[in-house]
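**Student:** One structure, pasted below without further comment.
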Amino acid sequence: MSNETLQAVRGMNDILPDEAGLWLWFEDVVREWLESYGYRNIRMPLLEPTALFKRAIGEVTDIVEKEMYSFEDSLNGDHLTLRPEGTASCVRAALQHNLLYNAPQRLYYGGAMFRHERPQKGRYRQFHQFGVEALGFVGPDIDAEMILMCARLWKKLSIRDVTLQLNTLGDAASRQRHREKLIAYFGRHSGDLDADAARRLHSNPLRILDSKNPAMQTLIEGAPRLMDELDDEALKHFAAVQEILRRHEVAFEINTRLVRGLDYYNRTVFEWVTTRLGAQGTLCAGGRFDGLIEQIGGKPAPACGFAMGIERLLALLQEGGMNCPPQELDVYLVHQGELADAMASGVAEQLRDAGLRVLLHCGGGSFKSQMKKADASNAACAVIIGDDEARAGQATLKPLRGGEQVCVALGELPGRINELIK
Ligand code: HAM
């Protein structure tokens, strides 16, 4: 058997304790923010039937064509996929459990997503999102609320260098008209299409507009615009979203080339983008998906949502100098001697009963070496018990950030420590 050290899967990161503090803090901020808008948490499985993502995201998208971790369950032959995003699962869960038709739902989820992309800074194969979905809301007010929510979060996090790009994709009929015009236009220029575009010409010509290939950009610039095909209802909806944003002084840019990489969107789509993270600058993205619920098998119901990439947001915060304070500890409990060792865990439990955070030294060693560990532990104080103290029902309380050590009866220890750390 080989004994070489095994490594994590490429593009999948360990989040080590020094960094995990920042994640915990961020997750608390986000949860509080979401709850302040009435969103409720939902948790879906990481694995779903492959058909769900094919149907929801679209067969002719990068995600479904190239990026899904799909496999056959060797025990029963089911076709399964590690979720590449949460919207499809969230809608599936809402339908499966009948959440949808009694009242609209404001839902959020967080967790790992999986896409087999080429890893680089800000782009991983396992990454984490917070996703927000409002199911059953038809008006532009919810689209705008979602954008305002994001603006509030950026403010809360003191994130400034982020811009809002906004577009509308219209509704099914206008998209069909646009699609036909795109096929005709790109068909006339078929000699200038790259392989991806040529393949998508008839299956999903809208995706061609999303191409990053520099050689295709002039052709794309001249392509028919969806804006010119939009019907009055969609235009009115889009104008109303913009009006609410203006009223709240949220700046935005209309980007008619914003088409998003997933097929379920219609009408409003948006992305929050920063220039401070290099190529992977989209922090948060979403839009309306009024057709998805029906596409997954439910009765038609409108919906809107977005998701943010946690790695990217944290990278931006760190780039701005944010550091998370190390995890706090109140007491490092040092003990040596037969009697003291026997008592130590009981004393530690008694302190925890009083609400204190206690690290009980384990593994023996001299007082000196234990004290060294206590000094390095980031605890506010050390509680020291030797056999003499143990016999007298006492402990030595030593502040680790300045101050004299004192001898304290065990019963008074919690109170004295609380005074010390206040
Ligand atoms: P998405 O644009 O595919 O949308 O992803 C949303 C965000 O997830 C991106 O803006 C980015 O911050 C982050 N992200 C995506 N891929 C990666 C990656 N490989 N590595 C690191 N971060 C990544 C969705 O997923 C939709 N479900 C959003 C939505 C919700 N639309 C409606 N509701």
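The values are calculated or read from the model by the stated rules, or taken from the named source; none is laboratory data. What you see is a predicted model; the values in this text were computed from it and never measured. A quick note on method: Cβ atoms are made from the backbone with ideal geometry, for glycine too, and the neighbour counts reach across all protein chains shown. Note: accessible area is taken over every heavy atom of the protein model, side chains too, but ligands, DNA and RNA are not part of it. Shrake-Rupley method; radii C 1.70, N 1.55, O 1.52, S 1.80 Å.
**Student:** Take ILE220 and tell me if it is without any contact (Cβ under 8 Å) to a residue 24 or more places away in the chain, of a type in the set (Val, Ile, Thr) and surrounded by fewer than 18 Cβ atoms within 10 Å (Cβ to Cβ).
**Tutor:** Here the answer is no, as ILE220 does not meet what is asked.
Listed here are the residues, each with its yes/no results for (1) modelled with pLDDT of 95 or more; (2) farther than 21 Å from ARG31 by Cα; (3) away from the ligand (no atom under 12 Å from the Cβ).
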{"site": "SER74", "(1), (2), (3)": "yes, yes, yes"}
{"site": "CYS90", "(1), (2), (3)": "yes, no, no"}
{"site": "ALA94", "(1), (2), (3)": "yes, no, yes"}
{"site": "TYR108", "(1), (2), (3)": "yes, no, no"}
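**Student:** Filter the range 42-63 for residues that are at pLDDT below 95 and open to solvent by 20 Å² or more (accessible area, probe 1.4 Å); which is nearest to the ligand (Cβ to nearest atom)?
**Tutor:** ASP62
**Student:** I'd like to check which strands (runs of 3 or more DSSP E) are fully inside the range 299-398 and have at least 2 residues that are under 30 Å from LEU100 (Cβ atoms) and either open to solvent by less than 60 Å² (accessible area, probe 1.4 Å) or within 16 Å of the ligand (Cβ to nearest atom) (or both).
**Tutor:** Qualifying strands (runs of 3 or more DSSP E): 303-309.
**Student:** Considering LEU148, LEU164, LEU135, which residue is at pLDDT 95 or above and within 12 Å of the ligand (Cβ to nearest atom)?
**Tutor:** Sole residue among the options that is at pLDDT 95 or above and within 12 Å of the ligand (Cβ to nearest atom): LEU135.
**Student:** Return the pair list, or none, for Cβ contacts closer than 7 Å from residues in the range 307-320 that are closer than 14 Å to GLU19 by Cα and touching a residue at least 40 places away in the same chain (Cβ under 8 Å) to residues that are open to solvent by 50 Å² or more (accessible area, probe 1.4 Å) and near the ligand (Cβ under 8 Å from one of its atoms), at least 6 apart or on different chains.
**Tutor:** The qualifying pairs are GLU311/TYR124.
Okay, residues lined up against (1) more than 30 Å from GLU145 (Cα to Cα); (2) modelled with pLDDT under 90; (3) of a type in the set (A, V, I, L, M):
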position	(1), (2), (3)
ASN204	yes, yes, no
LEU209	no, yes, yes
GLY222	yes, no, no
ILE244	no, no, yes
HIS248	no, no, no
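**Student:** Have a look at ALA173, ALA197 and point out the one that is exposed (fewer than 15 other Cβ atoms within 10 Å of the Cβ) and either among the small types (Gly, Ala, Ser) or at pLDDT below 90 (or both).
**Tutor:** Checking each option against the conditions leaves just ALA173.
**Student:** Counting just the residues of the range 244-264 that are charged (D, E, K, R) and either more than 26 Å from ARG179 (Cα to Cα) or within 20 Å of the chain's Cα centre (by Cα) (or both), which one comes out surrounded by the most Cβ atoms within 10 Å (Cβ to Cβ)? Lay out the reasoning, then the answer.
**Tutor:** At the first step, the residues of the range 244-264 found to be charged (D, E, K, R) are 246-247, 249, 253, 257, 260, 263.
Right, trim to either more than 26 Å from ARG179 (Cα to Cα) or within 20 Å of the chain's Cα centre (by Cα) (or both) and you get 246-247, 249, 260.
Working: ARG246: 12, ARG247: 10, GLU249: 7, ARG260: 20.
Across the range 244-264, the extreme among qualifying residues is ARG260.
**Student:** Filter the range 144-185 down to residues that are in contact with a Gly (Cβ under 8 Å, 6 or more places away or on another chain), touching a residue at least 60 places away in the same chain (Cβ under 8 Å) and not in a loop (DSSP other than H, G, I, E, B), then give me how many there are.
**Tutor:** Residues in the range 144-185 being in contact with a Gly (Cβ under 8 Å, 6 or more places away or on another chain), touching a residue at least 60 places away in the same chain (Cβ under 8 Å) and not in a loop (DSSP other than H, G, I, E, B): 2 in total.
**Student:** Say we look at the range 124-141 and pick out the residues that are open to solvent by less than 30 Å² (accessible area, probe 1.4 Å) and under 15 Å from LEU100 (Cβ atoms); which of these is nearest to the chain's Cα centre (by Cα)?
**Tutor:** Across the range 124-141, the extreme among qualifying residues is GLU133.
**Student:** How many residues does the range 265-295 contain that are more than 7 Å from the ligand (Cβ to nearest atom), open to solvent by 10 Å² or more (accessible area, probe 1.4 Å), of a type in the set (Val, Ile, Thr) and not in a loop (DSSP other than H, G, I, E, B)?
**Tutor:** 1
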